[in-house]
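Below: the structure, in structure tokens.
Coordinate-derived values only; no laboratory data. Predicted, not measured: the structure shown is a model, and the values here were computed from it. As a convention, Cβ positions derive from the backbone with ideal geometry for all residues, glycine included, and neighbour counts pool all protein chains shown.
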Amino acid sequence: MCWQQVGVFLLAVVTSVASDNYRELTGNQVWKLNQEDEATVQQLVVDGLVDPLDHSGPSTSLRVTPETAGLVKEVLDQAGITYQVIVQDLARYLRDNDVTPLVQVRFGLTAQTCTSLNCSAPLTDNYMTFEQMEYYLAQLNSHPRVSVSSIGKSIEGRDIWMVHINRSGCEGIHAREWISPAVTLQIIHNITHDCSMGRGLEVYVVPMANPDGYVHTWTNNRLWRKNRRNNPDSSCDGVDLNRNWDFDYGVGASPNPCGETYRGTSAFSEPETQALRDAMLQVNSTGTLQMVMAVHSYGQLLLFPYGNPASNPAPQTEEMKQLGIIFANTVKTVHGKNYVVKSSGSFSPASGATDDWAKGVLKTTYSYTLELRDKSSFVLDPDEILPTGQEVLEGLNMVFLALAPEKYTQ
Ligand code: 0X9
Ligand code: ZN
């Protein structure tokens, strides 16, 4: 038997308790630069001083903390960049403007319900807590074609679940990108229940690769990105799991534990990236892992490696582009959304990411980072969960058809 394997790694993170998940953003501001200066912004990011908030182009909006504001101002002044403070207090701003009805979610007041007793489908009218995701995965495990297993534990001891669907893989690594797990769970559900999708393929999906970070975005800080590593000798927590992979490790990543893109003390220093690595190596050893897709938000982009802008083009760049265009064209037919296909180095010039390792070390033909909706914020209206899932499913369906063994393509 010839198994064709498709690894899609959908990494998503979130938390639940009746607490204020904006409080760690108290006093944070958003500064809007009056001039575009990618090099200065990139340096500020690597130095761990700002969080760039535009993810669909060169960032001119920066999140600045009370601790770093003075230094950032100095750097901008020296570079001759002027700016306006467009949000005075991000905690207050988000509390007033967040469209996600968190209170409803926390107390289980969604139109749909998902409890330990009844969670036969992922919620589509709201974001799910980590606990709800676990309820769903436990029920899914009874499906004859599905096996749900833990591939390792997070720093705080939560399980990292992988779903293997006997027909055709996905990952979610950044905590605040709530739409990623929401969409990944829909993908799992559809591949399991729609007999035509992914025929002839084996699909492996990790819907929540950073459970601790996800939980933290529900309890303390809606904009938390990293894992929850307690960094020794630093007052700042967390490692960016998408800068911790061992391919061109360190390039474009922050050496500063306070940076949003902190790379950690060494490649694969984190249990979460170790678990994903080992699971991907295991899958790859049992057949040909044809595709790895890391699912993120936001920006509506399909990125292919390498992330290091100084690298030569990756092998099979043309093939990755072509299949990417099939995906994007299909996505557009569903709700008219444009997803741009381009190299990660031209969008996010940094290496040590999942897609770099999948290409550079695993030698997977098709390696991608998918940036979901929308083009302005991580805080995406729950009304967009369903349509985002629908368009991605259609796009993946076409991709699966292109990858499926010949006997299934007629
Ligand atoms: O910077 C990232 O980690 C990804 N963007 S996000 O806004 N979701 O954080 C993009 C990663 C693209 N791949 C590489 N740079 N290798
Ligand atoms: Zn991300």
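Brief remarks on what is shown
- Residues in region 177-188 carry Karplus couplings, in order, of 8, 4, 5, 5, x, 4, 6, 4, 5, 5, 4, 4 Hz; the curve used is 6.51 cos²θ - 1.76 cosθ + 1.60 with θ = phi - 60°, and Gly or Pro positions show x.
- In the distance distribution for the chain, Cα-Cα pairs more than 41 Å apart total 9 percent.
- Between the listed residues S376, I191, L76, the Cα displaced farthest toward the positive end of the dipole of the chain, a dipole computed from Cβ unit charges relative to the Cα centre, is found at I191.
- Highest average packing first - 284-294, 74-84, 218-228, 234-244, Cβ atoms within 10 Å: 218-228, 234-244, 284-294, 74-84
- Peptides ranked, highest mean first, by Cβ atoms within 10 Å: ranges 269-275, 112-118: 269-275, 112-118
- When peptides 347-360, 186-199 are sorted by average Cβ neighbour count within 10 Å, with the highest value leading, the order is 347-360, 186-199.
- Sorted ascending by nearby beta carbons within 10 Å, beginning with the fewest, M280, M208 become M280, M208.
- Ordered by the number of other Cβ atoms lying within 10 Å of each residue's own Cβ, fewest first, Y262, Y214, Y93, Y136 fall into the sequence Y93, Y136, Y262, Y214.
- Sites D194 and S150 - FRET efficiency at Förster radius 25 Å, r taken between beta-carbons, to 0.05: 0.45
- Coarse-grained scattering of region 27-88 at q = 0.12, 0.26, 0.30 Å⁻¹, given as base-10 log I(q)/I(0) from a Debye sum over alpha-carbon atoms: -0.22, -1.21, -1.69
- Candidate cross-link partners of K363 among the lysines, defined by an alpha-carbon separation under 18 Å and a same-chain spacing of 8 or more, comprise K321.
- Computing FRET efficiency as 1/(1 + (r/R0)^6) for K363 and E74, where r is the C-beta to C-beta distance and R0 is 56 Å, gives about 0.80.
- Assigned charges on the beta-carbon of Lys, Arg, Asp, Glu; the chain dipole about Cα centre (debye): 700 debye
- 3J(HN,Hα) along region 263-275: 7, x, 6, 7, 4, 6, 6, 9, x, 5, 6, 4, 4 Hz, from the Karplus curve 6.51 cos²θ - 1.76 cosθ + 1.60 with θ = phi - 60°, whole Hz, x for Gly and Pro.
- Assigned charges on the beta-carbon of Lys, Arg, Asp, Glu; region 27-88 dipole about Cα centre (debye): 200 debye
- Label zone at Q43 (point 7 Å along Cα-to-Cβ), backbone N below 18 Å, region 74-100: 74-83
- Signed unit charges on C-beta, dipole axis of region 211-316, positive-most listed residue M293, N220, C258: N220
- DSSP beta bridge pairing in the chain, given as percent antiparallel to the nearest 5: 45 percent
- Straight-distance crosslink candidates among lysines, where the alpha carbon sits under 16 Å from K32 and sequence neighbours closer than 8 are dropped: K73
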